[in-house]
Amino acid sequence: QADIAMYQAKTAGRNTLRFFDPEMQANLATRANLEAALRASITGKKFVLHYQAQIDGQHGIIGAEALLRWRHPEGGMVPPGEFIPLAEDTGLIVPIGQWVLESACEQLADWARDPRKRHLLLAVNVSVRQFRQPDFVASVHQALTRAGAPATQLKLELTESLVLDDIDDSIDKMRTLKELGVGFSMDDFGTGYSSLSYLTRLPLDQLKIDQSFIRNLPDSASDAVVVQTIITLARSLGLSVIAEGVETEAQRSFLARYGCPTYQGYLFSKPIELAAFEALLPLD
Ligand code: C2E
Ligand code: MG
Ligand code: MG
Ligand code: MG
């Protein structure tokens, strides 16, 4: 209860202290219900992964990003934006994130047994609280070995703020995982810190251009410059680059023209259930 009250106080509004506010009281009940429901869902198979295709201009579907969905006890699929912040604040993100990792590794092991699917990469989002766990590296290793999944097909998506929150710990963990074969993509790239010096210190494989820079392409001259700069930066650092939130053919062709050959977005597919994603794969 105390935790939730703190959460409420923090989110009620910056520098605002409110007591006996009926609206806040109602909100508090909702939060508590939500937390209880989330907690019960970890053991109750109420989470599911959806898969959004990642497309390469030459090779078609090269993999997917796993995106978490929560089947709310009272019906409906809840998108992560509505429960991840609370899961972060309460620490529930740690067991939830562990479930995501284990499920993703089981999926990769399944794909590895099928010649038509063993080339697929699976990208998994990692939250800061999960990454900072002292046993994070061991838990990824264990998820891979228990499932029998090839580490080289697993890609972890980290954000700039996650990495920079403790750069030495980040480098340490990334290096160890990289030795196992795990890849790293910098999610939402361009929205975080402008200092780029840290980039050369990280064992990254990919920059993922944030969808906010893609949205107004090709019309926005300033976004076009940012996108071109990120593509050039990736190339200079020897990293691959992917654009997220690609919705139109005009955006795709702009990106292709400036040297970004890999895309994710509604133009190709929304995040969908496993069977629907696998149905997108070519038959031979
Ligand atoms: P993200 O990792 O940046 O994921 C991309 C988000 O953009 C997804 O939202 C996806 O559905 C959406 N998206 C993809 N293509 C398009 C497009 O063409 N247009 C538009 N408008 N949107 C597009 P989603 O699934 O709601 O996820 C939101 C965020 O929640 C993710 O952002 C990620 O930060 C977080 N998240 C999702 N799954 C997990 C997870 O398993 N663990 C953790 N820690 N975070 C997760
Ligand atoms: Mg992501
Ligand atoms: Mg992203
Ligand atoms: Mg994003």
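The values are calculated or read from the model by the stated rules, or taken from the named source; none is laboratory data. Since the structure is predicted, the reported quantities are computational estimates derived from the model, not experimental observations. Cβ: placed from backbone, ideal geometry, glycine included. Neighbour counts: every protein chain shown. When the accessible area is computed, the model is the full protein with side chains, heavy atoms only, and any ligands, DNA or RNA have been set aside. Shrake-Rupley method; radii C 1.70, N 1.55, O 1.52, S 1.80 Å.
Computed values, structure above
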{"read-out": "Subset tally (residues that are in contact with a Phe, Trp or Tyr (Cβ under 9 Å, 6 or more places away or on another chain) and over 18 Å from Arg129 (Cβ atoms)) for segment 172-188", "value": "1"}
{"read-out": "Within segment 152-171, considering residues that are open to solvent by less than 20 Å² (accessible area, probe 1.4 Å) and without any contact (Cβ under 8 Å) to a residue 60 or more places away in the chain, the one nearest to Pro134 (Cα to Cα)", "value": "Ser170"}
{"read-out": "Any pair with Cβ under 6 angstrom, 6 or more apart, that starts in segment 72-95 at a residue that is without any contact (Cβ under 8 Å) to a residue 24 or more places away in the chain and ends at one that is assigned to a loop (DSSP other than H, G, I, E, B) and surrounded by 12 or more Cβ atoms within 10 Å (Cβ to Cβ)", "value": "Val78/His72"}
{"read-out": "Checking Glu102 against (1) open to solvent by 40 Å² or more (accessible area, probe 1.4 Å); (2) more than 16 Å from ligand 1 (Cβ to nearest atom); (3) in contact (Cβ under 8 Å) with a residue 40 or more places away in the chain, the condition it does not meet", "value": "(2)"}
{"read-out": "Residues of segment 46-61 classified as surrounded by fewer than 16 Cβ atoms within 10 Å (Cβ to Cβ) and more than 14 Å from ligand 1 (Cβ to nearest atom), total", "value": "5"}
{"read-out": "Residues of segment 133-150 classified as over 17 Å from Pro95 (Cβ atoms) and open to solvent by less than 20 Å² (accessible area, probe 1.4 Å), total", "value": "2"}
{"read-out": "Leu121 being farther than 21 Å from Ile242 by Cβ, of a type outside the set (D, E, K, R) and either more than 9 Å from ligand 1 (Cβ to nearest atom) or surrounded by fewer than 19 Cβ atoms within 10 Å (Cβ to Cβ) (or both)", "value": "no"}
{"read-out": "In segment 72-102, the residues that are more than 23 Å from Asp205 (Cα to Cα), within 16 Å of ligand 2 (Cβ to nearest atom) and not hydrophobic (A, V, I, L, M, F, W, C)", "value": "Pro79, Pro80, Gly81, Pro85, Glu88"}
{"read-out": "Residue match in segment 66-86 (condition: part of a strand (DSSP E or B), open to solvent by 10 Å² or more (accessible area, probe 1.4 Å), away from ligand 1 (no atom under 14 Å from the Cβ) and farther than 27 Å from Leu180 by Cα)", "value": "yes"}
{"read-out": "Considering residues of segment 225-282 that are within 22 Å of the chain's Cα centre (by Cα) and acidic (Asp, Glu) only, the residue farthest from Ile55 (Cα to Cα)", "value": "Glu273"}
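One line per residue, one yes/no per condition, for (1) surrounded by 17 or more Cβ atoms within 10 Å (Cβ to Cβ); (2) within 16 Å of ligand 2 (Cβ to nearest atom); (3) farther than 30 Å from Asp110 by Cα; (4) among the β-branched types (Val, Ile, Thr):
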residue: Lys208; (1), (2), (3), (4): yes, yes, no, no
residue: Val227; (1), (2), (3), (4): yes, no, yes, yes
residue: Val246; (1), (2), (3), (4): yes, yes, no, yes
residue: Thr262; (1), (2), (3), (4): yes, yes, no, yes
